[in-house]
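Heads up, the thing below is written out as C-alpha cells.
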Amino acid sequence: MLKKVAILANGGDVSGFNAVIRAIVKTAEKNGVECYGFIDGYRGLLNNNYVKLSTADTASGILHKGGSIIGSSLNANVFNYKVEEDGQVVYKDLSEKCVQNVKEDGFDCIFTLGGDSTQKSARDFSLRGLNVIGVPKTIDNDVACTDITFGYNTAVSVATDALDRLHTTAETHNRIMCLEVMGRYAGWIALESAIAGGADVALIPEIPYDIEKVVEAVKARQKMGKNFSIVVVAEGAVPKGGSLSVKDVRDGGKGVINLQLGGAGDAVAKQLQELTGLTTRNTTLGYMQRGGTPTSFDRVLSTKYGAKAMELALEGKFGVLTVLKNGKLDYVTLEEVVGNNKEIGAVQGGTAESNVRLVTMDHDLVKTARDIGICLGD
C-alpha cells in the first residue's frame, strides 16, 4: 500500500510542470498518500534534497504558473555525473546513491516529469529496483509512444502569436520574415505553428530542404501580387547535403545534450535575401517558447497526466509512462519508450540509439500543409 511518493521535474522548463505536480498531489491526498518533491530534478535525487508538497500550502495556486515550483535539472545524468577530484574533472556513475536515498527515505514511487533523456534514466532506475512512473514533458513533442507531450501546445501557441505579429511587418514592408523555432530533431512546433500562423514555408528536420524550392515558392507568391512571405525554420532544419546549424558544443559528458542548436533561421534568411532580392529578416524565438502561463489545453492535459500517473501508482503499475493515444489516457512500459537502447544511462537525442518521435511523411500535419500550399522545401 502506498504511503509516500515523490516527484521530480527534469530537463528544460515547460508550461504545465506545475499543473502535473498539482494533479499528482491532489490525487495523492485524496487517497491518503503523502507527496514530496525533489528539488532540481535528478540532481535533487542525488543530493537527497526534497520538500513536502501539500495543496494546503506549497502546491496551492500553482495551476496557472509557468516553470516548476520544485525546479528542474539540466544535463544531470547521474549515471555519468560530472564531478571534480583532485582538480580533475571525472565522470562517475552515482545512480546507486540515488537508489539508496529513495529506499532510505521510504518513497514507494518516484514520478519523473521529463522528456526522452529523463525517461531513459527512469527506465534505468526501474531496472535498479525503483518503482518509477514517467510523465511525458517537452515542448519538442518528441517523446515516443504518446500523441502529445505537455508543454507543446503552449510553445506552438507562442510561436503562432509571433507569426501573427511578423505577418504585419512582412506585409507592410514587402519583406520575407523568417521565424526560427525550437524542436531540436523534430519538426512538430515548426509545422503546427506554420499551419496555425498562415506561414508560406515550413522547414523541418525530417525533410532536408532545397533552398531553390523555397525561392520558387516566394517568386510564385510575387506573381500573384504578394510581395511578402513568412518562413518558419525549425532549429534542426538541414539543407540537402548540409549539416545542422550548431551554436555551441558543450562538454557535459556522455548522455546529456552537448549540442546547442542555433543559426538555422539566420542561414535561411541570408540565402533568401541573396536569391530573391527581397529584404529578409529572421527572428529567433528562443526561450520565449518555454516559459510563461500554460494554455488551457496544456493545463487540462497536464492535469489528466498527473491524475493518471497517481492512479497507476495506486494500482501498482510501475516502470511505465503515462501516454495519450487516440485521445485516451493509457500507459506503456518505459522499455517501449526507450526502444532499442539497452545501455544504462541516457543517450543524446537524435541518434540511432534514441527513440524520439519524429514527424512522419504520412502524418496529417504534413498532408494538411501540402494541401494548403505550404512549401516544405522539397
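The values are calculated or read from the model by the stated rules, or taken from the named source; none is laboratory data. Computed from a predicted structure; not experimentally measured. With ideal geometry, Cβ positions are generated from the backbone for all residues, glycine too; neighbour counts draw on all protein chains shown.
Observations on the structure shown:
- Test: residue in region 95-105 that is closer than 30 Å to residue 230 by Cα, touching a Lys or Arg at 6+ places or on another chain (Cβ under 7 Å) and not charged (D, E, K, R): no
- Scope region 322-367; condition modelled with pLDDT of 90 or more, touching a helix residue (DSSP H, G or I) at 6+ places or on another chain (Cβ under 7 Å) and surrounded by fewer than 20 Cβ atoms within 10 Å (Cβ to Cβ); matching residues: 329, 335, 365
- Residue within region 246-258 that is closer than 30 Å to residue 217 by Cα, among the polar types (S, T, N, Q) and not assigned by TED's automatic domain parsing to the domain that holds residue 60 present: no
- Where a residue in region 1-26 is assigned by TED's automatic domain parsing to the domain that holds residue 76 and in a loop (DSSP other than H, G, I, E, B) and its partner, wherever it lies, is at pLDDT 95 or above and among the aromatic types (Phe, Trp, Tyr), with Cβ under 6 Å and at least six apart: 16/150
- Qualifying residue in region 216-228 (condition: in contact (Cβ under 8 Å) with a residue 60 or more places away in the chain, of a type in the set (A, V, I, L, M), more than 20 Å from residue 155 (Cα to Cα) and in the same structural domain as residue 168 (by TED's automatic domain parsing)): yes
- Selected residue (only one of 31, 101, 49 is under 26 Å from residue 301 (Cβ atoms), of a type outside the set (Gly, Ala, Ser) and in the same structural domain as residue 312 (by TED's automatic domain parsing)): 31
- Failed criterion for residue 311 (all others in (1) under 26 Å from residue 33 (Cβ atoms); (2) modelled with pLDDT under 95; (3) of a type in the set (Asp, Glu) hold): (2)
- Of the residues making up region 40-61, those that are modelled with pLDDT of 95 or more, part of a loop (DSSP other than H, G, I, E, B) and buried (at least 19 other Cβ atoms within 10 Å of the Cβ) number 1.
- Breaking point among (1) on the phi > 0 side of the Ramachandran plot; (2) among the small types (Gly, Ala, Ser); (3) free of Cβ contacts under 8 Å to residues at least 24 places away in the same chain, for residue 262: (3)
- Filter result for residue 37 (surrounded by 20 or more Cβ atoms within 10 Å (Cβ to Cβ), touching a Phe, Trp or Tyr at 6+ places or on another chain (Cβ under 8 Å), in a helix (DSSP H, G or I) and modelled with pLDDT of 95 or more): no
- Here residue 75 fulfils each of the conditions (1) among the polar types (S, T, N, Q); (2) assigned to a loop (DSSP other than H, G, I, E, B); (3) buried (at least 24 other Cβ atoms within 10 Å of the Cβ); (4) out of contact with any strand residue (DSSP E or B) (no Cβ under 8 Å at 6 or more places or on another chain) apart from (3).
- Qualifying residues in region 229-268 (those that are surrounded by fewer than 22 Cβ atoms within 10 Å (Cβ to Cβ) and of a type in the set (A, V, I, L, M)) - the one modelled with the lowest pLDDT: 256
Here's the yes/no breakdown for (1) over 20 Å from residue 300 (Cα atoms); (2) of a type outside the set (A, V, I, L, M, F, W, C); (3) touching a residue at least 40 places away in the same chain (Cβ under 8 Å):
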{"position": "121", "(1), (2), (3)": "yes, yes, yes"}
{"position": "124", "(1), (2), (3)": "yes, yes, yes"}
{"position": "128", "(1), (2), (3)": "yes, yes, no"}
{"position": "142", "(1), (2), (3)": "no, yes, yes"}
{"position": "145", "(1), (2), (3)": "no, no, yes"}
{"position": "155", "(1), (2), (3)": "no, no, yes"}
{"position": "166", "(1), (2), (3)": "yes, no, yes"}
{"position": "176", "(1), (2), (3)": "yes, no, yes"}
